[in-house]
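The values are calculated or read from the model by the stated rules, or taken from the named source; none is laboratory data. All values derive from a computational prediction rather than experimental measurement. Quick reminder, even Gly has a Cβ in these numbers, built from the backbone with ideal geometry, and neighbours come from all protein chains shown.
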């Protein structure tokens, strides 16, 4: 019974850490400013 309780607590802790990590990643991505979508190189068509 003691091992079952330890296994359940370990699984619960792992799940809580996974959810916290996912929420932290989403918060970090939302905190970064939006980058402009401007191409660095453009090619002109000659004689179109």
Subject >> Failed item, numbered, when residue 1 is tested on (1) modelled with pLDDT of 90 or more; (2) loosely packed, with under 10 Cβ neighbours inside 10 Å >> reply: (1)
**OP:** Can you confirm whether the stretch 33-43 contains a residue that is surrounded by fewer than 10 Cβ atoms within 10 Å (Cβ to Cβ) and assigned to a helix (DSSP H, G or I)?
**Re:** no
**OP:** Among the candidates 28, 7, 15, single out the residue that is exposed (fewer than 10 other Cβ atoms within 10 Å of the Cβ), part of a helix (DSSP H, G or I) and without any contact (Cβ under 8 Å) to a residue 40 or more places away in the chain.
**Re:** 28
